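Trainee: Just passing along the structure, written as structure tokens.
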């Protein structure tokens, strides 16, 4: 806040409102937690189920391994959280993994991280929405019967909301996230109380079902592979942890410390919820199958293709709270809502990352400008389109979509942690203070362990999931990488071409005189204004130019010109084919040929209308002509606008648009501060 | 030709090629016939069948009325042709029915005719393509099995061809049209020879079928109504006659006489073919039913929904030439091709009419300019979209589509003929020469009879077809009418607002000084060029303006500015939120507030790239800023383009585009001549 008030100019140019607003966006921890946690906490809604699904391949006996897998996921989670706490302290500027990788491992590693994260955003939307629909479906069967339709509808809704510019509000995130967390903890506590104190036998709706093992008596390498696959699926619980490292600037001071403790909080909550749900699932005997239609038996008969397998969290809630009970419904709704909010984080994260990439010229420059609605819209539509495509192709089946997920996350984790190790090595090589050195070495040890563990998991994920869909995610990463490299190369090439010579001796840059030409179609207010302006410019010479597309009209024009005594010579170009653009272009080129050292200034009267449909009716020839003139060397093109009454509507619309809040504004923190922090890249 | 050569300037401005081309487009009669005839001649491929279909409702005995209906259609056709011969002589400028109605009955009647014709173009495409597919299907069963798909594919193909700008070539039209006409005449002649001279019994493939009457023993008013319905359907043969009245300027001299004799030729051919096919259908005992699945019996059993009812012309051809014979295949192919060409005439007629309507400001003005590819593209896509919609909704069933057809044609016929009567009345009131008066009175008599007959048919068509689909066509007409009225009203309102005052005393139009502002982001070649140009303009004052979105970059800019010793003051605007547009707009508004009598000239350096995807990467801020500045009063906006190497590609593309031939160019005739003829309306 203090930084913002010491810019007195802002009051002069009427910005008081906006700076106030930005002050509000600095997040206290209690709001920052839900803003950044919905993504990672919501994954406990599907991650435990995915573990059981994979284990079921080896039959229900393999379920016994699930607590160990839960422990492994928990250890990994705590490691990743501990590692990212180092990131948050070392790189508080909000560049996140992209910045860490670029600074320490070079631009290619940075771009790899960025591509991975972009793919991840798409998958966050697809997976979270699909899972949200499945959770909602456990309470509202209609939803799960029209899964793909409902999923696409929710994506479209989120997209429209973000295109309209719904502000990412802390409170909006806080309520469902806290209700969800509270619900899960009440469920775990009440389940433990019923089981341990009351001695109740809680039975999940699928407790009486049986699982036919796809591979009976699996052992040895095959068993290890299966356990690794189950572990990979469980790792879905880790997504979203890295988000906080992009959001440090949005925290209140001390920023890094607050971010780090929020991160620790999220990690602990996620691990507890994940392990609690797995334990309850074991206790209540949830039975889930990878292929329920065939391998899930009820009374010895396969349940068939119409069977809907509810998510673990809803089966457990049914066992603990009772089917259709109030708490069951609340938890199902909160779960779905948190999952939709998790999808929404991708809509917010995308522009934040896009802005940073645009700053380094890997993406179109306008993405860098805050609040560039058009640019963000394109990004949002791209994100939504890709997510809808995946949702439709994979039938909104979260289990199949998860095969694609987390590749990107672990690419990002691994490169970021390796980068952090290099970071500490570099700092240790210069740091003399022993206390600081000890601290750095501790941090380096944490990040080294993190790099080792996440790297191992990345290999495991790639090996166990490549043919099951991870290749799609890798392909997406390659496409993003190639596109961004091409954009950067283009910008570099243009920058080379544009570089100004040190000695401004180039003749083509310094014309000697300007010959002005005012285009006239009729004599009306806009042309009179354009003529008046043109005269004021006092260029070398001035003439009016009209194209004869209709002899009668041209004659009338000439007569009126004389009658009004306009003291500018009027030149008429013939155009037997009623073209306008070509004769003018040819004439201008002719002028340039006659005196190549002169520049030509073409002045076009335009009238400004307010609605898009009015645009279709006006200025089309002028627009086309302007477009073509820009390609003619030695020409400058001047529009003299004349505002019609209807243009007021457009003015108002433009003003409304400027007050628009870009998605991601909250989690990015105030721009003022971001630009004053050290930034990544060159 | 002679008129074109007396414009020596054209050679100077490099147009020789185009004027040659236009010379070629003047049509000799032998080419004009197929160009204008494909629409009206092709309708004999479906009109006779439609007559039989309607009659079949009263059972096969009602077929006996078909020769009478053929005679009635023939009389009507000859009347209409005779009437239009008068139009062609009286209005040789190519304005057609629209011009006749506007001049004689006022703009509302003219607009009604125009709306009717626009709807008609859409239906010409839908009906002709559907019928073409049915005819092709009689030789290639695959086509008729995937009717809608094939019909849409042909429409899309035609659309792409016209969007690409395939020239409407006389030869392209001539071959299939002459093959078709020759094929039908050979069929009639050979059929007559076999039947009368050889005494062969020719039997159509449906000769052994029986028709179950939907209404047995129909009589009295119901029978009259049915006969009128059959007659209405037969009137489909008259579509396309009016086309020639739009095409007079395309004929060689003497234009009107040549057009009139071509029209007579088309009329005679159409009547002969229509009557010949009906006669052959009676002789070979073609059986067709309105609802073949139920009412067409084979061996006493309904043929069922899978039965494909082939068109009359193909059944007759099969009976006369033999199934699968060479001539049968040739005729089927020629019929389909002529029908597709008939659809193509709508693609050509649309821009011709659109251009005339645009001249009268009922449609966007750019449609008036010949060769405005973008505008024509929009029109073509609209036409194709509406035709595809109708084709899909009506299942590419020509019988159902014909219910919508010809309402528009007869609205146009009737209003045009009434207009012609008024035309002669007006001329008779001033004409003294008795010979001329006699001639005019004869013409008036013909047109009066034409107006009476077409008006009656219009009522018959409306009464018999309104609920069967004609309401859709009327609705379409209303939509076109309302849209065009709204466009005209908008143009009129804007024209009022723009009218220049006679005494140029208005202060806002005459600023006293110009304050120039050059926008600078970096120092590179484009900015140096913009600064150089700005200096040459010698405006009242000049400064450079930059927006501080990144303090480091701004500092570098300031340093370089000083180092290079640029003698223009550099003003830096603060923009804590990385916006560009708003600070600049506010600054410009501030300048205007300080000295309201001055104008502000904003000079923007731009670099010009060659590909659309490069546009996405550049100039977006400049574009947005320009758009907003146009709404700020007292501002002129100057682009100083800097052409990058890649802009060469765009230049070449633009040149290619200019050489594009607009659809309808052939039938409209050379523009030079059109503008010298008297034109319609105001």
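The values are calculated or read from the model by the stated rules, or taken from the named source; none is laboratory data. Small disclaimer: the values here were computed from a predicted structure and weren't measured. Note that each Cβ is placed from the backbone with ideal geometry, even for glycine, and that neighbours are counted across all protein chains shown.
Trainee: If residue B:608 satisfies every condition in (1) surrounded by fewer than 20 Cβ atoms within 10 Å (Cβ to Cβ); (2) facing another protein chain (nearest Cβ under 10 Å); (3) within 25 Å of residue A:534 (Cβ to Cβ) but one, which is the exception?
Mentor: For residue B:608, the exception is condition (1).
Trainee: For segment A:382-393, indicate whether the set of residues that are modelled with pLDDT under 90, in contact with a helix residue (DSSP H, G or I) (Cβ under 7 Å, 6 or more places away or on another chain) and either surrounded by fewer than 18 Cβ atoms within 10 Å (Cβ to Cβ) or over 28 Å from residue A:108 (Cα atoms) (or both) is non-empty.
Mentor: For segment A:382-393, residues modelled with pLDDT under 90, in contact with a helix residue (DSSP H, G or I) (Cβ under 7 Å, 6 or more places away or on another chain) and either surrounded by fewer than 18 Cβ atoms within 10 Å (Cβ to Cβ) or over 28 Å from residue A:108 (Cα atoms) (or both): absent.
Trainee: One residue is enough: does segment B:317-326 have a residue meeting the conditions within 18 Å of residue B:158 (Cβ to Cβ) and modelled with pLDDT under 85?
Mentor: No: zero hits.
Per-residue answers, yes or no, for (1) modelled with pLDDT under 90; (2) more than 20 Å from residue B:43 (Cβ to Cβ):
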site	(1), (2)
B:93	yes, yes
B:96	yes, no
B:101	no, yes
B:107	no, yes
B:131	no, no
B:149	no, yes
B:160	yes, yes
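Trainee: Related question: Tell me which residues, restricted to segment A:486-499, are over 19 Å from the mean Cα position of the chain (by Cα) and assigned to a helix (DSSP H, G or I).
Mentor: The answer is A:486, A:488, A:489, A:490, A:491, A:492, A:493, A:494, A:495, A:496, A:497, A:498.
Trainee: Just give me the residues in segment B:615-648 being within 15 Å of residue A:630 (Cβ to Cβ), in contact with a helix residue (DSSP H, G or I) (Cβ under 7 Å, 6 or more places away or on another chain) and either touching a residue at least 60 places away in the same chain (Cβ under 8 Å) or more than 7 Å from chain A (Cβ to nearest Cβ) (or both), in sequence order.
Mentor: Correct list: B:640, B:642, B:646.
Trainee: Right, something else. Pick out the one residue from B:236, B:264 that is more than 24 Å from residue B:461 (Cα to Cα) and in contact (Cβ under 8 Å) with a residue 60 or more places away in the chain.
Mentor: Among B:236, B:264, only B:264 is more than 24 Å from residue B:461 (Cα to Cα) and in contact (Cβ under 8 Å) with a residue 60 or more places away in the chain.
Residue-wise test of (1) touching a strand residue (DSSP E or B) at 6+ places or on another chain (Cβ under 6 Å); (2) touching a residue at least 24 places away in the same chain (Cβ under 8 Å); (3) in the same structural domain as residue B:55 (by TED's automatic domain parsing).
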site: B:209; (1), (2), (3): yes, yes, yes
site: B:221; (1), (2), (3): no, no, yes
site: B:244; (1), (2), (3): no, yes, yes
site: B:259; (1), (2), (3): yes, yes, yes
site: B:281; (1), (2), (3): no, yes, yes
site: B:285; (1), (2), (3): no, yes, yes
site: B:293; (1), (2), (3): no, no, yes
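Trainee: In segment A:324-334, which residues are assigned to a helix (DSSP H, G or I), in contact with a helix residue (DSSP H, G or I) (Cβ under 9 Å, 6 or more places away or on another chain) and farther than 15 Å from residue A:144 by Cα?
Mentor: Residues satisfying the conditions are A:327, A:328, A:329, A:330, A:331, A:334.
Trainee: Separate question: Filter segment B:550-568 down to residues that are outside any helix (DSSP H, G or I) and within 23 Å of residue A:497 (Cβ to Cβ) and give me whichever is nearest to the other protein chains (Cβ to nearest Cβ).
Mentor: So the residue we want is B:550.
Trainee: Can you find a residue that is out of contact with any helix residue (DSSP H, G or I) (no Cβ under 7 Å at 6 or more places or on another chain), at the interface with chain B (Cβ under 9 Å from one of its Cβ atoms) and at positive phi anywhere in segment A:537-549?
Mentor: Looking for residues that are out of contact with any helix residue (DSSP H, G or I) (no Cβ under 7 Å at 6 or more places or on another chain), at the interface with chain B (Cβ under 9 Å from one of its Cβ atoms) and at positive phi, one finds at least one in segment A:537-549, hence yes.
Trainee: If you don't mind, there's one more thing I want to ask. With the structure loaded, tell me whether residue B:75 is more than 23 Å from residue B:441 (Cα to Cα) and in the same structural domain as residue B:236 (by TED's automatic domain parsing) or whether it fails that test. Break it down stepwise before answering.
Mentor: Working: more than 23 Å from residue B:441 (Cα to Cα): no; in the same structural domain as residue B:236 (by TED's automatic domain parsing): yes.
When the stated conditions are applied, residue B:75 does not pass them.
Trainee: Taking residue A:452, is it more than 14 Å from every other protein chain (Cβ to nearest Cβ), part of a helix (DSSP H, G or I), surrounded by fewer than 19 Cβ atoms within 10 Å (Cβ to Cβ) and at pLDDT below 90?
Mentor: Against the criterion (more than 14 Å from every other protein chain (Cβ to nearest Cβ), part of a helix (DSSP H, G or I), surrounded by fewer than 19 Cβ atoms within 10 Å (Cβ to Cβ) and at pLDDT below 90), residue A:452 does not qualify.
Trainee: Looking only at segment B:569-595, count every residue that is within 28 Å of residue A:501 (Cα to Cα) and assigned to a strand (DSSP E or B) and tell me the total.
Mentor: 4
Trainee: So, one more: What do you reckon, is residue B:586 closer than 19 Å to residue B:624 by Cα and within 12 Å of chain A (Cβ to nearest Cβ)?
Mentor: It is true that residue B:586 is closer than 19 Å to residue B:624 by Cα and within 12 Å of chain A (Cβ to nearest Cβ).
Trainee: Conditions: (1) closer than 16 Å to residue B:131 by Cα; (2) within 14 Å of another protein chain (Cβ to nearest Cβ). Residue B:314 meets all but one. Number of the miss?
Mentor: Only one criterion is unmet by residue B:314, namely (2).
Trainee: OK, next. Does residue B:355 satisfy the condition of being touching a residue at least 60 places away in the same chain (Cβ under 8 Å), crowded, with 19+ Cβ neighbours inside 10 Å and assigned to a helix (DSSP H, G or I)? Steps first, answer last, please.
Mentor: On the way: touching a residue at least 60 places away in the same chain (Cβ under 8 Å): yes; crowded, with 19+ Cβ neighbours inside 10 Å: yes; assigned to a helix (DSSP H, G or I): yes.
The answer is yes for residue B:355.
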